[in-house]
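What follows is a short report on a single structure.
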Amino acid sequence: MPVKIKIEKKEKHTRARLGKLTTPHGEVETPIFMPVGTQATVKTMTPEEVKETGGRLVLSNTYHLYLRPGHDLVKEAGGLHKFMNWDGPILTDSGGFQVFSLGPLRTITEEGVEFRSHIDGSKHFFTPEKVMEIEQALGADIAMAFDECAPYPCEKEYAVAALERTTRWAERCKRVHKREDQALFGIIQGGVFPDLRERSAKELLAMDFPGYGIGGLSVGEPKELMYEVLDQLMPIMPEDKPRYLMGVGSPDCLIEGVVRGVDMFDCVLPTRIARNGTVFTHNGKLTVRNAEYARDFRPMDQQCDCYACRNYSRAYIRHLIKTDEILGIRLTTIHNLHFIQHLMQNIRQAIREDRLLEYREDFLKVFNAG
Ligand SMILES: Nc1nc2cc3nc(NCCc4ccc(CCO)cc4)[nH]c3cc2c(=O)[nH]1
């Protein structure tokens with residue numbers, strides 16, 4: 001059993017759990033936020049810097065690495081860990097979300113998805129079997145099944161068809177997945193329809209995957225609707241398997257997801273907005289590139305002890321970003337990753353002390369007031 005979760009403590013007033021996720025590349029604490037390294041790098045960060053901010057498990061992406069540099073090249077390099085010099089656990093998403101996001105550039109059939117590369121328009125065909133070949137070549141500790149992520153909004157019939165195909169493709173993934181040191185996670189679909197979510201979960205739980213992604217969310221639906229789907233879905237999830245809410249999220253969504261029993265999260269948000277010159281602070285978001293900070297010699301967040309906040313001012317970081325100096329987005333990235341990991345550390349401590357609801361109230365009162 002290469003990947004398993006051990007629940008250390010259940011929070012008294014919520015469904016939140018404190019756990020330890022064991023993988024072939026080490027053990028990590030949950031709830032966990034996983035920085036996204038789509039093309040085998042957490043953008044602008046060295047692996048040491050990712051670790052320094054608190055990152056322990058990083059994501060990479062099958063679709064992107066298949067297109068560039070190619071999974072065969074990564075395999076030849078000794079696999080993803082060696083290639084990107086990351087000695088901790090890695091999770092690869094299957095590309096289900098990417099190929100479905102290509103819109104008109106893709107054709108879905110029962111066999112698989114024909115799509116055109118977003119880079120050069122060349123034609124490719126992903127089947128569950130092909131995606132398993134790619135993920136096994138990349139060698140992540142956790143590989144996500146090839147699924148069909150229904151858009152939001154969509155007709156219930158569409159969500160049914162996507163759920164049913166996702167179940168059939170999960171079977172096909174499981175049948176060809178042979179790598180013993182890699183855990184294959186199923187992905188639950190079903191759109192925002194509680195009955196479909198329950199059906200998708202039950203069909204995939206019957207296949208006994210070591211962990212489960214909750215897909216089809218954070219695709220444009222209102223946050224309250226996502227929370228409602230989780231309220232209905234989480235009670236039927238097994239206690240002893242990791243629950244991974246894919247593509248989430250912002251600080252409020254992370255807290256709300258943990259309250260509802262989610263163990264694992266990933267999102268490009270912290271690193272993406274950092275490159276646009278926006279950072280999280282305990283008072284909410286701050287766009288440090290704005291003119292109002294030109295002569296502001298305070299740190300980005302006066303309550304933050306990250307490398308960027310200990311050594312540089314808003315004025316300096318704004319100057320770097322305005323002049324396209326690469327150090328600027330490196331500093332905002334370091335800060336945002338540190339901010340999110342520090343939030344997860346506070347959440348884990350609040351679970352230990354059975355005061356997660358108080359923590360949620362205190363954090364959001366100040367964060368949302370900003
Ligand atoms: N295989 C698979 N992967 C997924 C990845 C996802 N990622 C999301 N949401 C991410 C949304 C997202 C995208 C960009 C930004 C930055 C904006 O500045 C923030 C969030 N939902 C997702 C659903 C699925 C899914 O069903 N199946």
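Structure summary
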quantity	calculated
Carbon + sulfur, % of accessible area of the chain - ligands and nucleic acids excluded, 1.4 Å	50
Amide hydrogen neighbours beyond the local backbone of Met246, cut-off 5 Å, H modeled	Ile214
Solvent-accessible surface (1.4 angstrom probe) belonging to Arg318, in square angstrom, nearest 10	50
Long-range HN-HN contacts of Ile32 with modeled amide H, under 5 Å	Met264, Phe265
Between region 263-326 and region 331-360, the alpha-carbon center distance in angstrom	18
Projected area averaged over orientations for the chain, convex hull of C-alpha atoms, nm²	17.7
Estimated vicinal HN-Hα couplings, Hz - region 46-51 in sequence order (Karplus 6.51, -1.76, 1.60; Gly, Pro = x)	7, x, 4, 6, 4, 5
Where N is the number of residues in region 90-202, Cα Rg divided by 2.2 N^0.38 Å	1.05
Amide hydrogen neighbours beyond the local backbone of Ala183, cut-off 5 Å, H modeled	Ile142, Ala143
Cα shape, region 221-370, gyration tensor, a/c 1.5 rule	prolate
Semi-axis lengths (Å, descending) of the ellipsoid that matches the C-alpha gyration tensor of region 228-311	34, 12, 11
Area of Met84 that stays accessible when all protein chains are in place (1.4 Å probe, Å², to 10)	30
Derived scalar couplings ³J(HN,Hα) [region 84-96; Karplus, 6.51 cos²θ - 1.76 cosθ + 1.60; whole Hz; x for Gly, Pro]	9, 6, 10, 9, x, x, 10, 10, 10, 7, 8, x, x
Solvent-accessible area per residue for the chain (1.4 angstrom probe, square angstrom)	42
Integer Hz, Karplus 6.51/-1.76/1.60 couplings in order for region 181-189, x for Gly and Pro	8, 9, 8, 9, 9, x, 10, 7, 10
Lys6 accessible area, assembled protein chains, probe 1.4 Å, Å²	120
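The values are calculated or read from the model by the stated rules, or taken from the named source; none is laboratory data. Being a predicted model, the structure only gives us computed values, none of them experimental. Surface accessibility is based on the protein's heavy atoms, side chains included, excluding ligands, DNA and RNA. Shrake-Rupley method; radii C 1.70, N 1.55, O 1.52, S 1.80 Å.
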